[in-house]
Every structure is written in C-alpha cells, then in structure tokens.
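See structure below.
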Amino acid sequence: MNNLLFMIVKRVALGVLTLILLSLLIFLSVEALPGDLAQEILGQQATPEAVAAIRKDLGLDLPPHIRYVNWLGGMLQGDFGTSLALKRPIIDLIAPRLQNTLFLTLYTACIAVPLAILLGMMASLFRNSYFDRISNASALSAISMPEFFVGYILIYFLALSGYFPSMANITPSTPLFEKLYACFLPALTLTLVVTAHMMRMTRAAIINILALPYIEMAHLKGVRPSRIIFRHALPNALAPIVNVVALNLAYLITGVVIVEIVFVFPGLGQLMVDGVRFRDVPVVQASSLVFASAYVGLNLLADIISTATNPRLMRRK
Amino acid sequence: MSKKTTTTAPLLTMLNVHIKGLSDETWVDIINGVDLDLRRGEVLGLIGESGAGKSTLGLAAMGFCRDGCKITDGSIEFDGLDLLSQSRQQLRQLRGRRIAYVAQSAAASFNPAHRLIDQFCEAPLKHDVMARTEAEIYATSLYERMNLPDPDEFGYRYPHEVSGGQLQRAMTAMALSCRPDLIIFDEPTTALDVTTQIEVLAAIRDIVKQFNTAAIYISHDLAVVAQMADTIKVLLKGDEVEQATTPKMLKSPKEDYTKSLWAVREYARAEQPPVTGQQPVIEINNVTAGYSPRQDILKNVSFAIHKRRTVAVVGESGSGKSTTARVITGLLQPRMGSVSFAGTPLPASYQDRSRDQLRHVQMIYQMADTALNPKLRIRNLIARPAAMYLGLSGRALEDRVRDLLRMIEMEPDQYIDRLPSELSGGQKQRIGIARAIAAEPGFIICDEVTSALDQLVAEGILKLLDRLQSELDLSFMFITHDLATVRAIADEVVVMKDGDVVEQGPKSEMFVPPHHPYTELLLGSVPEMDPTWLDRLLDSRGADNIGDAAIARMK
C-alpha cells in the first residue's frame, strides 16, 4: 500500500509541476499575441493619456514576470480575474459552463466507455467474425466523419422528426431528467466520435494478450473463452485501455467546441472561443488553464489506476 | 520408477496422427503419422530436437492445436473417448479436469494479475470438482507435498513474488488440482538452473508415483528424461525414430540418430596445459560493480585469461557471469578494480577506448536471432566490422568476407546474399562467430552461445570455436550454466556465486574432488544418463536438501 501512496504523491507532484509549466506557456503565448489590450478597449480615437490610464488600471504597465506571479497567485486563491468584455468576475462565467461541460462529458462517458470496452471485448472474442468486421467498420466510419456532420445527421433524423430537441441550451435550474433529454443528441454525437478509438484500443490490447502463454494455459485448464477474455486477458490489458479512455475523456472536456456550437450548448469551449474573439485575455487564460488541469488530472488518474491494477507494480518483492 | 500393470487397457491411444502447420501460407507437415500408447501410472518420455514436434504431439493428446495447426489424420482416444470427434465444450470439460498440462515456462504461463491460489482453484471450481474452501485446503496440502515454503501462505502470493523453481512446482500443483488421469509435462525444467531443476524433478516424480497418474514427459535433455520416464520415444522432424523402455534405450539404442544424440555428450577436447610466467591476454583485477550504488552484483572478482586458452565462467542465473562480461566490454563501469588487455589497463567505459582496444574485445551472443540485424544480408553483417576496424573496402573487403565464410564452414556463393531469416539457428550462430572474428580480435566473450541450440548443432559450434582458437590464436571467455559444455571446451573454470568467485582452476581439477561446497552442489546436480541417478542423489542428500534449500543452507 505504501508503494501506491508514494507513487501517487510522486505523480501528483509531477502533475503540479506540469501545470505550472503549462501556466507559464499559456501566459507567454497570450503575451505574444499582437495588439494592445488597452488600445482595443478604448478604440481608435483614444488619447494616449486615456490608454496609459487604463493600462495602469489593468496592471498592464507592470513587468511581465510580476503580472505572471499575480495572475498565478490569484488563480491559486480562486480569483480568476475579471472579464474585460463582460466586466464580470471570470469565476462566475466559468463555473456554470464548466459544470455543463462536465455534465456532458460524464453523460457521454457513461454511454461511450462501457459500450467501447464491451464492443472491444466482444470483437476480440469473436475475432475476424462478421461481428468483429461490422463493429470495426462502423466504428471507423463514425470516427471518419467530422463531428458537425454527425451532429447534423442526427438532428436531421432524430430532431426534425421530433424525438429529441436539436438545441441543448440548458441552464443550472433545468431538472436532471430534462437535462438528460436535452443533451441526448450532443452526447450521442460525442459517443459516436470517441467510441471507435477506445473500442479499437481495447480490442488490440486484448488480442495482444491472447497470444501469451498464460492464455494458452487457461485454454488448457478448460476455461470458457468468454471467461478467458474477461478474467485472464482484460486485467492485464487494463493499462493501455485506461490510458486511451483518459485521453478521450480529456478530449471530451477540451475539444468539443464544434459540437457545442451545433447544438447551442453553453459549454466551456464556447466561452473560450468568445474570449478569443473579443480579445478577452483573462478569460482565455483562465479557460486554457482549466483545460490543462483537466488534461493533466485525467492522465494522472489513468496512471494511478493502471498502476493500482498491476500487482507487479503494487507488490514489489 | 512406478510399477506398471500391463493388463489394463491403455488410457491414451494415438494412432497414425498427422498434424500440419501453417508456415508462410502453406501447410507443412509437423507430425507424420505417430502412434502412441499410454497406460495409467505410466510415464512416457518424448525426446527430440527443436522442431521435432514434441510439444505439438503433447498438446494433441489434449485434443488441442495451437493457432495455425490442424490434425489432419489419425485418431486420438482418451479413456474410450475419441478426442477428435468431441465438441469444443466436451473437450473443455476434459482439459484441466482429466488431462492437465505443465508448461515450459511457469513464469510466462501463470497469469501475472492473479494470486497463485486463485489460479489453482479456477479449474476445480469451473469443473465443479470441488468447492472453493475444499480446493484451497487441497492446494495447501499439495504445496506442502512439493516442499514449497510456507504452504499456508504460499498461494496468496502473486507469480512475480516467488522464484522460478517454486513457480514451476506451483504449476505442477495446479495441474494436479482436479486429480487428472494424465498430465503433459512440456519441458518443465528447461528454463531452470541445474540445482533448481532437481527439486522440481523430485517433486514431479513423487507426485506422479503417489497419484498413479499417467504422464507424457517432453524434453530435449536425455539425462532428465532418463530419470522420469518408463519408456522413451525418440522423435525426429515429426517421425518416430524408435521407442523402448528407458534402461534399454540408454544401454542399446538401435537407430543411428539416437546413437548420435547419445554421443554428443561425450565430446571433450583435450585440456591445454596451464600457462605460467606469461602476460595474460585479459586480466580482471578486483572488480566490484553493480547497477545501483547500493547493491554490488560483482564483489572483488579477479581472474585472468591467457593466450589460446578458454576460461569457462559457470554459475547460476544471477551469479554475475554476464555482468562480468559487461565490465570487460566497457558497457558497465566498475565501482572498483580494472580490466587489462595484454598488460595495459582498458579505460572503464567503451566510449573512452580506442578503436584498436574495441577491436580486440568481441562478443558472441546467446540469441543469434536477436543479435543479427534482420534487415542486413550476410555480406553486410560480416563486412561491417571488417570495414570499420581494418579499413578494408571494395575487392579486399569482399575477399575477406568470403574467407570468413569459408572459415565458419559456410559456402560463400550460397550464403553471402542471404538474410538471417533464411538461415537455421546453428547457421545464424556461425554468422555471429564470423562477425566477431572479422574484427581480428585477441579475445572473444561467448555468452551462452550454445544454450539456445540443439545438442548436435551445439557440438558443431563448439568444434568450430575450438578450431578457430588454434588457427587464430584466440582467447575465449565462455559464459555458461551447462557443465557439459564446460567439460567439452574449457581449459580453466571459474565458478561464480552471488558475485563472488568461489573456485577457479584447471578443468581437470574442477571435475575431481575436493571442491568448494557450491561447486560440489553444481556438479552433483547435473543429471546423468543413468535412470537411478535421481534416486541415488535423493538418498544421499535427503529430500529436504536439494535446490533452493541446499543453497540456502550454504549461506
């Protein structure tokens, strides 16, 4: 057990270090964007005095390293700064959006992860059968189509006929069941997009294991094929599967802008896109950092799970 | 040897079995019509070189074929059941319950994700032979029978937490979990050290006798099979060569092939007289080295290798043989001590050595398969060191490559343009040798060069090395765990244990007592071609004083 604790502490420390580096990268890349924020706010006709005043007001006259420390320090205390465009605390903008995004991610994950792993296991069990080929082919077709296309196709078939709403503009006060109903199409779209990757990885990881001597041994002990997959192959294939699941979940949090737009879903992606459009630097920085944390956090979790399920790493001699 | 009752009907009958395997998209014969009879309580030894079809035949006795194999003809009858006409489900009910299998590498054949006892209980539970608690009690009693440490606790460990010899016994225990009528032992001790091998052999034999289980014992090692089997069947490329009872087979083999197998172990070249007063080619002075600063793998190791002499370094896995080689080649820098070549100290790291110093120390590897770049033709494989170290090019390089091929007894025109994949195992090893001598070295490290090869092929390699040594004035360091190889080729022997040199001296002295107790144990553990050898050994040492236990006692 101590092994695991030590490993977690080490990984978390590494994760924090990664995040600090990322925050620096985010800060510097925003810094490198052309144009002056004060000029932007005041417009073309502003007097130099007014520009200087607003620069002072926003703290833009301070040297970059001090601004970085101020910004990061504020973030750590939960102070995300103020949106320049909307003049509201960023935390109030991000919190409901993040909640929505997490809800959609969780919703999709609940459908996609079990589906992908189950399909992957069945495909490896009935390797080279029609089931295997058809599931592979359909998964690949789904992944090959652009997300907005899948989204519009689903809207065409399932929303125009009135089964599901095409707009998923939920608010925090929407009851859960209604939320699920409203978000069904975006969740389904995302499921179609991420399932293929996870399913094919599961299948490949298990098939790799099936060639090993202990699988032959299980056959020679008279173990049923389904049990061989589930009990003998799956536990040893967990590490690559968990990693690919984490990668896809991270994608669901950070990369679903297009789906959000198609379904008018109030998620984090839209907030960030708007931030970029209005040159709302603090919003862009804050949402980038949230995305980065999600990415690092999920990969950290994947590492911990794949170690915790491997007795060889858990119980060293 | 168990007493046979010849009156009962055979438990297993295989008649005219043909098995084909898919190789490069064509079906090739693996077994061409082999017959086999086995009664309860009888042990049949299957002997042959790699590719003889021993494992394939053993698995066929369970009605099992590996992917890409199929049984095309013949019949296999187990206790009145025709295995070839059984459904998959019926076969599944036989496997593990009435016919069990013990694989060559227990380390690879135990699932790393589950505890030993869970894997033990799987077959009894799934076949409804026993309930969980009953199976666990039975497992503990078997572990105890097999002299495993802490039988009550043993099963709750994961496979990576126990040693190779223990794992192999745990696998035998697992095979017995449903009290099967027949067990297939597929080279169960090949991957083990000689001292560990004994404890597994003793355990297997005891169990087979106690339960009156029939067994097929597959091995390429005659001396091992002689201890275990009542009858021996010799296979060659899928054909039966001959079959006879063990004493008869050992005393008077009929076929030439069998006789040649027997004769290999006799090969021994004459020992060269020890050198005195001369500068050794390689001298290892008080080397202490390890992979982490906290743990030394080598502890103050010293020995010397003279011109035209072969020094065999023997010891079990983990004794530091290969680490010594890494220090000599400069791959691992010693913490203390040094290595000299012809009187001059070599820089510790290969990166600091001159091209000439690098040229003089060459290596031949155990796995020729992985040591040769599969994408390069033989011409380039051998030409590279010749060009790099000696600056040869064009016509001169081509002539040199051809000369080298002739030296290793391979016809240049026939082989020079081939890829490694187009050669047999023995030929690949010869190319490895040619590559080493292409650098015109003074000293070659041979790391287990024959242990992946069949005995006849290995003998050819040993003779070749012997000849090259006298023609090219070479010195060899021969790393091996096989004492038969030592007997065949060494002038001097260095025995290592846990990073220490426990004994060294001329070969002739090494095989005559008195020894260091570890050398004694090592020598005494090599199976002899005498069916009573194991009995005598167990009588003289006692069943509790073999293998790990004996080594532990020595510390």
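Computed from the coordinates by the stated procedures, all read-outs in this text should not be read as laboratory data. On a predicted model such as this, the values are computed, not experimentally measured, just so you know. All Cβ positions, glycine included, derive from the backbone under ideal geometry; neighbour counts span all protein chains shown.
Quick notes on this structure:
- Relative intensity, log₁₀ I(q)/I(0), of the range B:12-264 from a Debye sum that treats every alpha carbon as a point, q = 0.15, 0.17 Å⁻¹: -1.08, -1.34
- Calculated log₁₀ intensity ratio I(q)/I(0) where the Debye formula runs over C-alpha points of chain B, q = 0.06 Å⁻¹: -0.34
- By the Cβ distance rule of under 4.7 Å, chain B has these cysteines without a partner: B:Cys121, B:Cys178, B:Cys446.
- Note on chain A: dipole from Cβ charges, positive end direction compared against A:Ile26, A:Gln285, A:Asn236; the farthest Cα belongs to A:Asn236.
- Part-to-part distance (alpha-carbon centres) for the range B:360-385 and the range A:203-232, which is given in Å: 36 Å
- Calculated FRET efficiency for the pair A:Asp79/B:Asn285, C-beta based, R₀ 51 Å, to 0.05: 0.15
- Cβ-placed point charges (K, R +1; D, E -1), dipole of the range A:90-280 about Cα centre in debye, nearest 20: 720 debye
- The antiparallel fraction among DSSP beta bridges confined to chain B stands at about 55%.
- Prolate/oblate/rounded call for the range A:90-280, Cα gyration tensor, a/c under 1.5 rounded: prolate
- DSSP-defined antiparallel bridges as percent of all bridges, the protein assembly as shown, nearest 5: 55 percent
- Full extension of the chain between B:Asp403 and B:Met367 gives 10.5 nm of extra length, using 0.36 nm per residue less the Cα-Cα distance.
- Förster radius 45 Å - calculated FRET efficiency between B:Glu25 and B:Met529, Cβ distance, rounded to 0.05: 0.60
- Simple spin-label estimate for A:Phe230 and B:Ser451 in nanometres, 7 Å along Cα-Cβ: 4.2 nm
- Taking chain A as a Gaussian network of alpha-carbon nodes connected by springs under 10 Å, the highest mean-square fluctuation of the residues A:Tyr152, A:Tyr163, A:Tyr107 belongs to A:Tyr163.
- When only alpha carbons are used to place a centre, the range B:249-285 and the range B:25-61 end up 31 Å from one another.
- Largest first and in whole Å, the equivalent-ellipsoid semi-axes of the protein assembly as shown read 61, 39, 26, each the square root of five times a Cα gyration tensor eigenvalue.
- Approximate spin-label separation A:Tyr181-A:Ser29, in nm, with each point projected 7 Å along Cα-to-Cβ: 4.1 nm
- A simple count of charges around B:Gln104, restricted to other residues whose Cβ falls under 13 Å of its Cβ and scoring Lys, Arg +1 and Asp, Glu -1, yields -3.
- Between B:Ala108 and B:Asp82, the simple label model (points 7 Å from Cα in the Cβ direction) yields a spacing of 3.6 nm.
- With a Förster radius of 41 Å applied to the C-beta separation of A:Leu160 and A:Gln99, the computed FRET efficiency comes to 0.90.
- For chain A, a Gaussian network of Cα nodes joined below 10 Å ranks A:Ala168, A:Ala218, A:Ala239 by mean-square fluctuation, and the top entry is A:Ala218.
- Fully extended contour minus Cα-Cα distance, from B:Leu472 to B:Asp152, at 0.36 nm per residue: 109.3 nm
- Taking 0.36 nm per residue of sequence separation and removing the Cα-Cα distance, the A:Met145/A:Thr18 pair yields an extension gain of 42.4 nm.
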